[in-house]
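The values are calculated or read from the model by the stated rules, or taken from the named source; none is laboratory data. Bear in mind that the values here come from a model prediction, so they are computed numbers and not experimental data. Using ideal geometry, Cβ is built from the backbone for each residue, glycine included, and neighbour counts are taken over all protein chains shown. Each accessible area value is taken on the protein alone, full model and side chains, heavy atoms only, with ligands, DNA and RNA left out. Shrake-Rupley method; radii C 1.70, N 1.55, O 1.52, S 1.80 Å.
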Amino acid sequence: PPSHAHPLRDIQEGLAFVWNQPLLRTLAWVSACWHLLFYGYTALHVLFATRVLGMSAGTMGMANMLGGLGVLAASLLVKPLSARFGTGGGILVGLCVSALGFALVPAIPSAMDGSAGVTMGTTAAYAMVVFWIDCGATLFFVPYIALRQRVTPDAVLGRMVATMRALTVAAAPLGALLAGALGEGFGVRAGLGCIAAGAVLLAVAGVWGTHLRHVKE
């Protein structure tokens, strides 16, 4: 049924519900950190592909098509992974897979063949990294969304979703701003290297600093 309370009251109740649920608190900070990193990557990856790697717009577009295949692969893997490791373990698998993708981005070589622009090896490496990141993102978010809904009563589901979005997606602009500052101050590759380091730390914190690996439901 619709809520007849004042919107500020609904916001308060949503925040209180998330805060009083240890699992939702954990999911909130993990997802917020992931958004921070992902949108930092989003702010820099076009500059990296075109200016550092030397890709044309068309080549980059073709390489990014593999991202869709990464999403498709993840959609086929998410159910057996959740059955094998549990919903929490599936979230951590996605976190680690995307962290590996972020870590590989700044390692892509920018070798040029001198005649036809960027080499096929560089293009293939970039395409595979995009595949890996998009696969990891899907493996992370599908069980993440399922788990937060599973632990929330129907009566507060809307307020929980709104609260979680506010707490997590709100980090996205900050990630883009910080990555832009790093890229401008130290170079695009160095900025992506910082994102890679943050992603690895987040994966380690998620696996060893939370109880998600024990959540089997």
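A few remarks follow.
- Calculated from backbone phi, Karplus (6.51, -1.76, 1.60) coupling profile of the stretch 34-39 in Hz, x at Gly/Pro: 5, 4, 4, 6, 5, 6
- Reducing the stretch 58-92 and the stretch 155-217 to their Cα centroids gives an inter-centroid distance of 18 Å.
- Working note: Karplus 6.51/-1.76/1.60 with θ = phi - 60° gives the stretch 82-94 the couplings 5, 5, 7, 10, x, 5, x, x, x, 4, 5, 4, x Hz, where Gly and Pro are set to x.
- Structure-based [θ]222 nm, the chain - -39500 (n - 2.57) summed over DSSP H runs of at least 4, per residue, nearest 500: -27000 deg cm²/dmol
- For log10 I(q)/I(0) by the Debye sum over Cα atoms at q = 0.08, 0.09, 0.15 Å⁻¹, the value computed from the atomic coordinates appears in the list [x] -0.32, -0.41, -0.97; [y] -0.48, -0.59, -1.05; [z] -0.26, -0.32, -0.93 under label [x].
- Placing a label point 7 Å from the Cα of L15 along the Cα-to-Cβ direction, the residues of the stretch 159-175 whose backbone N falls under 17 Å of that point are 159-171.
- As a length-normalised measure over Cα pairs under 8 Å and 6 or more apart, the relative contact order of the chain settles at 38 percent.
- With the simple model of a label 7 Å out from the Cα in the direction of the Cβ, A5 to A124 spans 5.8 nm.
- Surface composition of the chain: carbon plus sulfur atoms hold 71% of the accessible area, using a 1.4 angstrom probe and ignoring ligands, DNA and RNA.
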